[in-house]
1. For region A:44-101, run through the trypsin sites (Lys or Arg not before Pro) and keep only the ones in DSSP coil with at most 11 other Cβ atoms within 10 Å of their Cβ.
2. Taking 0.36 nm per residue of separation and subtracting the Cα-Cα distance, what length does fully extending A:GLU88 through A:GLU113 add?
3. Taking a 1.4 Å probe, which of A:SER54, A:SER163 shows the most accessible area, and what order do the others take after it?
4. Label-to-label distances across copies for B:MET134, with labels 7 Å out along Cα→Cβ, in nm, shortest first?
5. Taking H placed 1.01 Å from N in the peptide plane, check which residues at least 5 places from B:PHE160 or on another chain put their amide H under 5 Å from its amide H.
6. Quick one: label points 7 angstrom along Cα→Cβ at A:ALA145, distances to the other copies in nm, smallest first?
7. Name the residue from A:TRP41, A:GLN66, A:VAL20 whose Cα lies farthest towards the positive end of the charge dipole of region A:17-79, charges +1 on Cβ of Lys and Arg and -1 on Cβ of Asp and Glu.
8. Hey, if we sort A:HIS70, A:HIS18 by accessible area with the 1.4 Å probe, largest down, what's the order?
2 protein chains.
Amino acid sequence: MPVRACVFDAYGTLFDVHSVVPLELREFSQVWRQKQVEYTWRRALMRRYVDFWSVTEEALRAAARQLGVHVEAERLMQAYLSPKAFEEVSGALEALKPRPLAILSNGSPKMLEGAVRFNKLEGRFAHVLSVDAMKTYKPAPEVYAMGPEALGIPAQETLFVSSNAWEAAGAKAFGYQVCWCNRTGEAGDGLFLDPGGGFQPDHVATRLDEIAKLAG
Amino acid sequence: MPVRACVFDAYGTLFDVHSVVPLELREFSQVWRQKQVEYTWRRALMRRYVDFWSVTEEALRAAARQLGVHVEAERLMQAYLSPKAFEEVSGALEALKPRPLAILSNGSPKMLEGAVRFNKLEGRFAHVLSVDAMKTYKPAPEVYAMGPEALGIPAQETLFVSSNAWEAAGAKAFGYQVCWCNRTGEAGDGLFLDPGGGFQPDHVATRLDEIAKLAG
């Protein structure tokens, strides 16, 4: 199948939010991120959506309490308004031209606008899509449906790129071609082993600048 | 509000599945359980339900691979067909008479039947309810709705008992009176702090034999 468009996850994939967390808070940073993702899943299942800004704050407070550390909450939250893009992002997007590109993210519209502007990526994406329009979270299929809907291109001809293994499984289950950008050499996700065989990503890369070659 | 009925979570609340995992596999046991719960959330969100037996096997394989340990998969899985009830269970149920009691669990009907029979608890529960009837997982509200539906008693007059903090939040959000049985002295769940205030359990106990007093 040709790749006629690409859809990117934002946090962890395009933007490195944890680069701004001081090294001595590495454990905190991991627990924070883990709770942030967990709360999106649980709130989506409970049908008690609040936006990603609220979830991120909630996870920050819970992580600090669990670990008994004091953190500068406000400063850390700002990281989500101005996260640094990974170094290869601009070149990787350039190499995918002239395909239409989109962001599809758990982030709230305000958070995504901030991240795109901070990294001078305005105009590089045909669409910046937030789950906020659906009031639920990844990996719900109605979220993944926003990509083909906005782009007018079927999921089967679109490459979904994420550095989250759990999302690679979710996007694959929905029907995208999927590239899992495994930046840190993780082992892979348990759902990749689904006996139905439906959740294994088509490609694994370690950096985004490997994608243009995969897309053909 | 009076408590006219009680609904119990099964694994971790009534049944101690990890008592049978050898001590040297404690880390494995924790990762296994963590992945098991994670996969139920993700599969429910993806609308790719498979039953709890399959999820439990999938999580076992993924945990063993991640930790690089060899485990006797078949023997460990059997623990879910014959898990030991916590020592106070029988007395705690007796003390709640004559209220109708139910189990509401992620477990498949076969797994729940095995656990109830192994512990000679047949006849103690008016209903043994499995999410399998709804083909989704906790904390989806349609699962929690099975309790009032089967018992014919509103959630507001029913005490939901779970040792999982995330489930205490989910059952509370649905509308039950909730007792979180915090067996291990955990810190509590981030969603308990929801600014809407809706997810905090009504009671915290450390053992099930404290419940009859709470139920009044």
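1. The qualifying sites: there are none.
2. On the way: separation 25, 0.36 × 25 = 9.00 nm, distance 2.00 nm.
That pair, A:GLU88 and A:GLU113, stretches by 7.0 nm at full extension.
3. Details: A:SER54 45, A:SER163 15 Å².
Reading off the accessible areas and sorting them downward yields A:SER54, A:SER163.
4. Spacings between copies for this position, smallest first, are 2.0 nm.
5. Here the answer is B:VAL7, B:GLN177, B:VAL178, B:CYS179, since their amide H atoms fall under 5 Å of that of B:PHE160.
6. List, nearest first: 1.9 nm.
7. Of the listed residues, the answer is A:TRP41.
8. Largest accessible area first, the residues go A:HIS70, A:HIS18.
The values are calculated or read from the model by the stated rules, or taken from the named source; none is laboratory data. All values derive from a computational prediction rather than experimental measurement. Cβ sites come from the backbone with ideal geometry, for glycine too, and all protein chains shown count toward neighbours. The protein model used for the area step is the full one, side chains on, heavy atoms only, and it has no ligands, DNA or RNA in it. Shrake-Rupley method; radii C 1.70, N 1.55, O 1.52, S 1.80 Å.
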